[in-house]
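Student: Here it is: the structure, laid out below.
Where a number appears in this text, it was derived from the coordinates with a stated rule and is not lab data. Since this is a predicted model, take the numbers as computed values, not measurements. Virtual Cβ from ideal backbone geometry, glycine too; neighbours counted across all protein chains shown.
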Amino acid sequence: MKLIRFIVVCCLFFGFTNAVFAGNQKEEAMANSVRLALAKAVTDNRPPKPSFTVMDDRLNYLQWLGEMSDRLKKKIPDNQTRIEFLETTWYESKRAGLDPAMVLGLIQVESAFRKYATSVVGARGLMQVMPFWSRVIGDSDAQKLFNMATNLRYGCSILRMYIDMEGGNLYMALGRYNGSRGQAEYPNMVLASWKKWEYKTPISGNS
């Protein structure tokens with residue numbers, strides 16, 4: 001624990017913006033209903049394209065996309081890759097009932113937005129998903145976890161499952177996602193990073 005605190009302090013003090021805090025999600029027993037729900041969520045083939053019935057919602061989404069794209073230019077320089085990443089992150093976050101800002105904060109902590117990041121314990125991709133999850137849902141090809149859309153689908157679905165398992169307790173769910181349930185360092189880092197990615201919806205001129 002002292003070593004973890006030392007690393008975190010060093011990262012903050014020296015400004016290591018690419019430092020990551022990849023976790024070690026633990027394989028644990030789960031009810032068949034939970035396993036099936038996770039498998040269904042991960043294997044749903046709907047494309048990550050949003051649809052809107054209210055024009056203001058679409059305008060707010062496009063403004064969010066523009067602002068987040070500006071914030072991410074240094075981390076993801078290629079414009080097409082950056083927009084595709086943000087569109088998919090927004091879609092998968094909303095689909096799982098998560099705040100996109102929280103997911104962006106978690107990705108920053110887990111992988112520093114590196115698609116091919118691999119931790120010392122084998123976690124893969126943007127949301128640092130452990131390979132055993134592929135087996136859990138019946139897909140033996142763990143290499144798919146380096147695919148952006150697949151990784152975000154897994155990561156958001158797993159986090160949603162943990163939030164539900166913890167009765168909505170985000171602190172405990174984040175700790176479980178990182179394999180450090182009950183410890184403060186990781187949840188606090190994600191919560192601090194979450195704030196940096198928050199987006200305030202513009203007030204409509206008609207309100």
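Student: What is the mean projected area of the alpha carbon convex hull for the stretch 109-207, to one decimal in square nanometres?
Tutor: Numbers: hull surface 33.5 nm².
That works out to 8.4 nm², a quarter of the Cα hull's surface.
Student: Additional query: Run the quick spin-label model on ARG58 and ASP99: label points 7 Å from Cα toward the beta carbon, then report their separation in nm to one decimal.
Tutor: Roughly 2.8 nm, to one decimal.
Student: Between their Cα atoms, which of LYS26/LYS75; LYS26/LYS196; LYS75/LYS195; LYS40/LYS75 are more than 24 Å away from each other?
Tutor: Numbers: LYS26/LYS75 29 Å; LYS26/LYS196 28 Å; LYS75/LYS195 18 Å; LYS40/LYS75 32 Å.
Violating the 24 Å Cα-Cα cut-off are LYS26/LYS75; LYS26/LYS196; LYS40/LYS75.
Student: Please give every one of the aspartates and glutamates within straight-line cross-link reach of LYS115, meaning a C-alpha to C-alpha distance under 14 Å, and leave out same-chain neighbours fewer than 8 residues apart.
Tutor: ASP78, GLU84
Student: Answer rounded, prolate or oblate for the stretch 71-114, using the Cα gyration tensor with square roots of eigenvalues a ≥ b ≥ c: rounded when a/c is under 1.5, else prolate when a/b is larger than b/c, else oblate.
Tutor: Since a/c reaches 1.5 but b/c is at least a/b, the shape of the stretch 71-114 is classed as oblate.
Student: What does the extension gain come out to for LYS49 and ILE83, with contour length at 0.36 nm per residue minus their alpha carbon separation? Write down the numbers at each step before the final one.
Tutor: On the way: separation 34, 0.36 × 34 = 12.24 nm, distance 1.19 nm.
Extra length available between LYS49 and ILE83 comes to 11.1 nm.
Student: Give a quick list of chymotrypsin sites (Phe, Trp or Tyr not before Pro) in the stretch 82-131 that DSSP marks as loop, anything other than H, G, I, E or B, with at most 14 other Cβ atoms within 10 Å.
Tutor: Working: sites: PHE85, TRP90, TYR91, PHE113, TYR116; in loops: PHE113, TYR116.
Those satisfying the criteria are TYR116.
Student: Is the stretch 44-195 rounded, prolate or oblate when judged by the Cα gyration tensor, a ≥ b ≥ c being the square roots of its eigenvalues, rounded requiring a/c under 1.5 and prolate requiring a/b larger than b/c? List each step's numbers first, then the result.
Tutor: Details: a/c = 1.43, a/b = 1.33, b/c = 1.08.
Note, shape of the stretch 44-195 comes out rounded.
Student: Given R₀ = 35 Å, what would the calculated FRET efficiency be for ASN169 paired with LYS73, taking r from the Cβ atoms and rounding to 0.05?
Tutor: Numbers: r = 35 Å, r/R0 = 1.00.
That pair, ASN169 with LYS73, gives E of 0.50.
Student: For each of LEU170, LEU145, count neighbouring Cβ atoms within 10 Å of the residue's Cβ, then give the residues from fewest to most. Don't jump to the answer; show the numbers that get you there.
Tutor: Working: LEU170 18, LEU145 24.
If I rank by nearby Cβ atoms, fewest first, I get LEU170, LEU145.
Student: Find how many whole Å separate the alpha carbon centroid of the stretch 87-158 from the alpha carbon centroid of the stretch 168-189.
Tutor: If you average the Cα positions of each part, the centres end up 17 Å apart.
Student: Run the reach check for LYS200 against lysines, Cα to Cα strictly under 17 Å, same-chain hits fewer than 8 apart removed. What comes back?
Tutor: Result set, ordered by chain and number: LYS94.
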